Structures are given as C-alpha cells and as structure tokens.
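Presented below is the structure to which this report refers.
The values are calculated or read from the model by the stated rules, or taken from the named source; none is laboratory data. Keep in mind that this is a model prediction, so the values were computed, not measured. Counting neighbours? That spans all protein chains shown, and the Cβs are built from the backbone with ideal geometry, glycine included.
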Amino acid sequence: MMKSYIWLQTADGSIQQVEQEVAMFCPMICHEVIQKGMGSSKNYAISLPQRVNPAMLSLILDYCRFHQVPGRSNKERKSFDEKFIRMDTKRLCELTSAADSLQLKPLVDLTSRALARIIEGKSPEEIREIFHLPDDLTEEEKLEPLKNTTDDPRIRLLNRLYAKKRKELKERQKLKNIEVEEERVDDRSVDDLLSFINGDNGDSKGIKNSKSKKKNRRRKDQQKNASANEAIKNHNKEPNGLNQVCHSAEVGQKVRPGVGATSNLHDVEDDIFDNKNELDDVDIDDEIDPALKEKIDREVEDFARRLNSDWPERMQEILSFGHERKPVHFSLNGNGS
Amino acid sequence: MHKKMAFSFPDEVLEHVFSFIQSDKDRNAVSMVCKSWYEIERWCRRKVFVGNCYAVSPRMVIRRFPEFRSIELKGKPHFADFNLVPDGWGGYVSPWIEEMAGAYPWLEEIRLKRMVVTDESLELIAKSFKNFKVLVLSSCEGFSTDGLAVIAASCKNLKELDLRDCEVDDLSAHWLSHFPETYTSLVSLNISCLGSDEVSFSALERLVGRCTNLKTLRLNRAVPLDKIANILRHAPQLVEFGTGTYTADVRPDVYSDLAGVFSSCKELKSLSGFWDVVPDYLPAIYPVCSKLTSLNLSYATIQSPDLIKLVSHCPNLQRLLVLDYIEDSGLEVLASSCKDLQELRVFPSDPFGAEPNVSLTEQGLVAVSLGCPKLQSVLYFCRRMSNEALVTIARNRPNFTRFRLCIIEPKTADYLTLEPLDVGFGAIVQYCKDLKRLSLSGLLTDRVFEYIGTYAKKLEMLSVAFAGDSDLGLHHVLSGCESLRKLEIRDCPFGDKALLANAAKLETMRSLWMSSCAVSFAACKLLGQKMPRLNVEVIDERGPPDSRPENCPVDKLYIYRSIAGPRFDMPPFVWTMDEDSGLRL
C-alpha cells in the first residue's frame, strides 16, 4: 500500500519527505497542504519558517509521530512528554520558537512550561546568564532596592577588624604609647562612620559616651498588664497593654561599666564591636562553630594587612553617605546639653 | 570569553512562557532581566501585589502595568494588630480606587489588608468595574453595611466577598437582601466579623439556596445553631464552613437534624466558627471529621477532654487553630493522631491572668514537634519555656518555616536554669535553615541576635519585644539577615548607632517598625535627610518631636522604602523626615 509523504524544506535548503499523518499534525503544514496544495512533491516542498532548522524539525517530527497516534492514554502521553522535554536550555528555546512558528500549540505549551520552570526561583542575574541577555536596565528603570552592601563578606571582616583595633587602641592608650597619635586617626574615623551622633572628637580620648544605655534591662517598674509580643488577633484585637511612657530619666544618663554589672554592660562605642570580640573568647556553648571562628580570625589578620591603605575610601563606599566626612556636630551628650 | 548571542524569541512566545510564571517574586525577577523582558512582562502582568501601599503611588503602578486584572494592597504595619498604630495613621485605599476606577474598567479582583476602606470607595468599586469578581478585605475598617449593600446590588459577577477580621459599622441588617434574586454566582462568602443583627437569616438562606457554586461560607456569631441546619441543607456542596454560635439547649431533634445535615456535606474540608460551644453538640460534626484538613477552634471555649475527642477524629488535619484549653495532654494526642499537621496555632484563653489557668507548657510544643513530621508553621502562646525544650524542638523539626513563640510574660527566663533563652532560639535558627518568619519572646540578650544574624539567612520577617541589651543586638540582625524584609521591634534598648550604621540595609527591606525603643529624633532626621528613598515616619502622640530635646527618643518610628516620596495624608501625630529636616549646621 502506498504511503503518502509530504515534502518539507528547511531554511538551509535541505529537503526531506515525512509521513503525511505525522506532518499534518502541525497546523502550519496542514494549512499549506490543504489551502495551497503544497508539499506533494520535491519541487513543491513546503518552505518551513526560518526558525525550524533540521535538528528542530527532527525533534518536532518525533513529537508529532508519537502524539498523532490516536489510541494512546493520557498517562502515556504525559510520560512521553516528560522524557521528551529533557534537553539543554538552548535547545529548549529553539524548540519553543520552532514549534511556535509551526503553530503546534501543545508543543509550545509543553516547552513554555519547561522554560517557565527553569526561570522560576532564579534571580535576574541568573536568568540573564542562562539566556545570554544583556544587562541593560538603568537604575531608574529598576524598581528594585539597592544591593545590600553588608552582603559583602569583607564588611563583616571589617567589623571584626575594628573590634580588634579598638581593643588594641585601648590597651595602647593605657600604656600612653606615642603611637597612639597615628592610631587615633583611625579611631576617629571609625567613630565618624559608626556613630554619627558623637560629639566633637577633638581630644585624645575622642570616644564619648554619647548614647545612653539603660542600666538594667529587667525593669521592675514594668507595668504588669504588658502582655506578650503577639496578642490574639482573633479576639477582637484586645489592647496589648503596655503604653510605655518615655522614661526620660533613664535615657539621659551616661552609663559607665560598673564592677558588679552584668557582662553585657559596656561603654557605648564598644558595644557594637568589642562585645563581639569578647564573645569570641568566651566559649559558653557550642552553638557557634569554632572552626568558623578560627577561619575568620585568620582572615581578619590577612585583611588587616591588605586594608591599611585604602580603608577610608572603602568605608565611604560602604556607607555611601556622600563625600563629606566631617564629624557631624550633634550635641547629644546625654545630659541634655 | 566572548558573550554568546542572545537567543531571540518572538515577543508572543516569551509572553506565553511568562503566562506560566505567576508568583510576584518570579515576575519581579523576570522584569529585571533586561529592557525587552521588562517591557513584555509589564504588558502581560495580570496580578499586582503592593506590600506597602505607600511604597509606590497608584499612578506609577497604573503607568507600569496597563493591563492588570487583580490587585493586592497592604496598608498598616503588622503591629497595628496589637493597637500599636494609633487610629488615623493612614492606609487609605480611596486614592487607589479613584485612580483605578478611571484606568481599569476591566478590574476583577481587589484584595486589601489593614487598610481603611470607606463606603464611597465600595460604591465606586461597584460602579466602575463591570466585571468585578473578588473583594477580600482582611483586617480593614472604615466602612459600613451600606457600602456592602451597594456591592451586593451592583456586582453581578461577584464570586468572592470575604471580610475576615474587619471592623464593620453595622447600620442595617438587610444588606444581604440587596443581592438580586437573579444573582447566583457567589462562590465564597465570609461574614464572620459582622456583629449581631447584621444579617437577615431569610435573605441568607435564599442566597445560599440559589448560589449552587458556593464553596466557602463563614457565618458570624449571630447565626444561631438551629439555623445552621437549614443553611447547610441548601449547600451540601460546601468545602469550607464557619458556624455561628454553637450553642443551644440540648435537644435530641436539633442534634439529629444537625448531625444528619453534616453527614450530607461530603466535600467539607474546613470548619471554623464555634463560638460559645456546647460540648454535647460537638459530635454532630464527627461525620465530617475524617475528611477535615483545617479546623479553627480559636473561639471554642471547650476543655481538654472534649478537644481530645474531637481531634482524635481528624486524622487528616493539616491546620489547627485552638485555645490553650487543649493543654499538653491534648497536644500529645494531636501529635499521635494527626501526622499530616502542617500548621498549629495555640492561643491563650486568659492572657492577662497572673497565674496559668491551664496546663499548657513547652511540653505540648515538644510533643507536636516530635510527632508531626510535616509541621512547618507554629504560633504558640505559653507561660514557660526552656532552652532545652527549644533545642529539642529545633532538632526534631528542622523544617519549620514559621516559628512564633509567645511567652506571655515579657522577659521570662528559662524556667529550669533561669538563664536567657538565647541558646534555645539560637538552635531554632541554626537547625531550621528555611525559617522565613520568627517571633521572639522571653528573656533574651544580644546573644540571640548574634545567632540570628549568623544563621537566619532565609529569614524574611522578625518580631522582637522586650529583648536585647544594646545596639549590638540590632546591628547583628541588620548586618546578618540577608533576606530580611520586615522587622518589627517594641520595647527594646536599640538606639541610633545600629540603625545609622546599617542605613543602607533599610532600603533592601520593606519596612522597619520600632516603638518604645531608644532611637533619637536627631537620628531620625539624619536618616530622613540622607536616605531619600526611605520614608522615615515619626509617630508621637505626645506632640511635635522638636518640642523636646533632639536626643529624646521618639515614641514610634516606622521606616519604609518608597519611590513615591513622602505621603501627604498624615494625621497630626505623624511626621515624615525628609531632606529639609536635616540639621542646620
């Protein structure tokens, strides 16, 4: 029995014949055959769209060959599709495009879904990488937030470095070493950048206790009707109770680390960094990985060496607070002066 | 290495690919890939989500997305639920409705959370959007039953009307009657927040009777138990049902009627309501219990034995909301019966009492964490906790994505060792690597924040109260939590330093709330001056902040990123810090 064939020509000029029932599964080819009478011989081969190269045609015909068979179950078809779709992203893109040009909707859906799954969960950078797309959006066009500058692991190391530096500085100052002069420059800048509200740091000690620290966290004068962080939403939003009045007395006080004070009392400026350092030395429990600690310590030493020359610029970069680095003159010496 | 040629798709093909990408996060990522994708994506985005209504203006949204059909907006910060945001703060939806009314006649869905909605806005919705289908108002206020009446009367294609946790002005019981007799498209109706006398039972019954596609029906407390049977008879196809008051004189005929009608509801998967429960009527729901996946008993003041009986009938439960009457013993039964449990919320029956009124402790949570392998989300109120228990819980259940623990009395220490609970919460963040939401409570030092900053890399929302010792705590969180989007803090000793040192971080987050902390007005001004893309709002009912010394802490501070600039609908007790508020040197 004579089998019917359809003649197809791809953009590169090559011509092939394909079983009729398979080729006719593509609406575009179907249209060419029925409406225009094309494809019956080599001379009248149907010119396929440019997006269909021989490799893609081959894939598409495989798809058609399977799916045009009427008796198959949904399960069989689904199983075929799942295997069929496994290919690298580049081929998937080409296939989507090719299927679209042949108006083969089921295959377009299949490949589109697969591409959607590839895109889902990825960042714009990753997507750009996969599809080789240009990074051509301007900042204004991007309604995205600024990149989180503290992502930079060097900044974390920087923090630890400052902690060490401060400690060093304190020790040296105690010994009244001449080299304090130079260290002080660093110190003042650290102050600038990290405590914007310090007073004028002209003098030697420089570091003022600008911000109050509440001495005792366990405020016994706490109102008893203060309830937990999360009240019961469902129950008609009961008042949460605690309407704290500004305890200005506490706020205005300078705090000095007392002898009998709890371990978390420090001079204000030490708080952010020295505390961290101190925690390293005390191994209260094993929730922080000691190997990680050691690694960071080594990196800090390394980093310290590399950092010495360019850290003022670096800090500027980090905080992007404009080019002025004069200390801002706040008068917040706690005593309301 | 030369850059490979970009593969070029026709726009329609790309649009078709995008049609399979629905989550906001993914759509946002797609739009940021390159110019051409941005353009294609904006034209085919059908659902817009705005997490903070003040982060962007309605006009900007409309300009960017010309063809959306569905919008979701959120207004007030989360702490508004605990009355920390004074009335009149803001969150008005009218500017949005007004702009959209002109621009989107084809808008279909509006979902609002913590916003102020007026009757005028409801009327405008009803008038402007001919194909309006979905109205979900969650924790909203400012409207009355008059507005609802207009919606009912005009929205012929309305499918969903959900008023969860709203405060509605009850002016007339008859708004439900405004649904025309020809109206049959209702699929979901949630009126559980309405006060008494705000519903006409006969209108309700007729409505339920003719809306054969109704899948969700959550009634309010005013609907008596004997009416429920009639209503359910009209809607045996219901999938989600919320009863009204579940109390009546115990009568065998009422009981068997109820039990019979529940048995005919073969599709029922979710139950709620249960105000004022009379335990004798509970067994009426046993026929549906085996299929139940969600059960909300947070109003059911029944005791542990009844709760245990009920819960043992529900092996397929995935979500349970319950009062602490369930006690540790009940939670142990839950742990052994409900292996599919994914979400558990245990609310306090007597949060303001000085002494515990029930035997619910950390043990209940430990039991559930051990017995329920799929448990991901927990909200747990209790009166005592230990580090040991928290570490055990963390080890048992590393798949937590939401962990909200509320030890009722602030600054409660580990009851066994009297130490802070730093280590316990540290274990939670260390083991639960996919943790997205965390609420802290109990006695906590800066240490816990160090753990959080070190380990909680996927954390998106953190709630803190009465915790920490110094700015170092806040610094750890702001510098370490890479995925942080929302941070809400109350009554903690965090001041200016950490905030200013991490100012850039604030632009990567949706919002920061700090109340009763130690942030000075001066720091707020500086932040507002230096960070033009942040709105720094000082909320202070004591009067203008510049009437006090600059170093005085502000009462409440709400900082959020915005490309819309400062807002102009602020009440007298809110000030936005901007470039002009910088210090005059």
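Pick from segment A:100-110 the residues that are within 18 Å of A:GLN68 (Cβ to Cβ) and at the interface with another protein chain (Cβ under 9 Å from one of its Cβ atoms): which of them is surrounded by the most Cβ atoms within 10 Å (Cβ to Cβ)?
A:VAL108
Could you tell me how many of the residues in segment B:61-99 are more than 29 Å from B:LEU158 (Cα to Cα) and small (Gly, Ala, Ser)?
Within segment B:61-99, residues that are more than 29 Å from B:LEU158 (Cα to Cα) and small (Gly, Ala, Ser) number 2.
So that you can scan it fast, the table gives a plain yes or no per residue for (1) surrounded by fewer than 21 Cβ atoms within 10 Å (Cβ to Cβ); (2) within 8 Å of chain A (Cβ to nearest Cβ):
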{"position": "B:LEU500", "(1), (2)": "no, yes"}
{"position": "B:GLU507", "(1), (2)": "yes, yes"}
{"position": "B:SER516", "(1), (2)": "no, yes"}
{"position": "B:ARG542", "(1), (2)": "yes, yes"}
{"position": "B:ARG548", "(1), (2)": "yes, no"}
{"position": "B:ASN551", "(1), (2)": "no, yes"}
{"position": "B:VAL554", "(1), (2)": "no, no"}
{"position": "B:ILE559", "(1), (2)": "no, no"}
{"position": "B:ILE563", "(1), (2)": "yes, yes"}
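Can you list the strands (runs of 3 or more DSSP E) found entirely within segment B:124-228 that contain at least 1 residues being farther than 21 Å from B:VAL93 by Cα and of a type outside the set (Phe, Trp, Tyr)?
Ranges flagged: B:188-190, B:216-218.
Give just the number: which of (1) in a helix (DSSP H, G or I); (2) closer than 23 Å to B:LEU189 by Cβ does B:PHE241 not satisfy?
(1)
At pLDDT below 90, within 11 Å of chain B (Cβ to nearest Cβ) and part of a helix (DSSP H, G or I): does that describe A:ILE155?
So A:ILE155 fits the description; yes.
In segment B:244-272, what count of residues is obtained for those that are β-branched (Val, Ile, Thr) and in a strand (DSSP E or B)?
Total satisfying the criteria: 1.
Of all residues in segment B:361-385, which are assigned to a loop (DSSP other than H, G, I, E, B) and within 14 Å of chain A (Cβ to nearest Cβ)?
Once the filter is applied, which keeps residues that are assigned to a loop (DSSP other than H, G, I, E, B) and within 14 Å of chain A (Cβ to nearest Cβ), segment B:361-385 yields B:ARG383, B:ARG384, B:MET385.
Which is within 14 Å of chain B (Cβ to nearest Cβ), surrounded by fewer than 18 Cβ atoms within 10 Å (Cβ to Cβ) and either out of contact with any Ser or Thr (no Cβ under 8 Å at 6 or more places or on another chain) or of a type in the set (Lys, Arg) (or both), of A:GLU126, A:GLU82, A:GLU120, A:GLU94?
Only one candidate passes the filter, namely A:GLU126.
Name the residues in segment B:61-83 that are of a type outside the set (Gly, Ala, Ser), within 12 Å of another protein chain (Cβ to nearest Cβ) and farther than 19 Å from B:GLU507 by Cα, would you?
B:VAL61, B:ARG63, B:ARG64, B:PHE65, B:PHE79, B:ASP81, B:PHE82, B:ASN83 - these are the residues of segment B:61-83 that are of a type outside the set (Gly, Ala, Ser), within 12 Å of another protein chain (Cβ to nearest Cβ) and farther than 19 Å from B:GLU507 by Cα.
Show me the helices (runs of 4 or more DSSP H) found entirely inside segment A:15-74 where at least 3 residues are touching a residue at least 60 places away in the same chain (Cβ under 8 Å) and in the same structural domain as A:SER101 (by the TED database).
Of the helices (runs of 4 or more DSSP H) lying wholly inside segment A:15-74, those with at least 3 residues that are touching a residue at least 60 places away in the same chain (Cβ under 8 Å) and in the same structural domain as A:SER101 (by the TED database) span A:27-36.
Could you tell me which of the residues B:SER479, B:SER483 is facing chain A (nearest Cβ under 7 Å) and small (Gly, Ala, Ser)?
Being facing chain A (nearest Cβ under 7 Å) and small (Gly, Ala, Ser) holds for just one of B:SER479, B:SER483, which is B:SER479.
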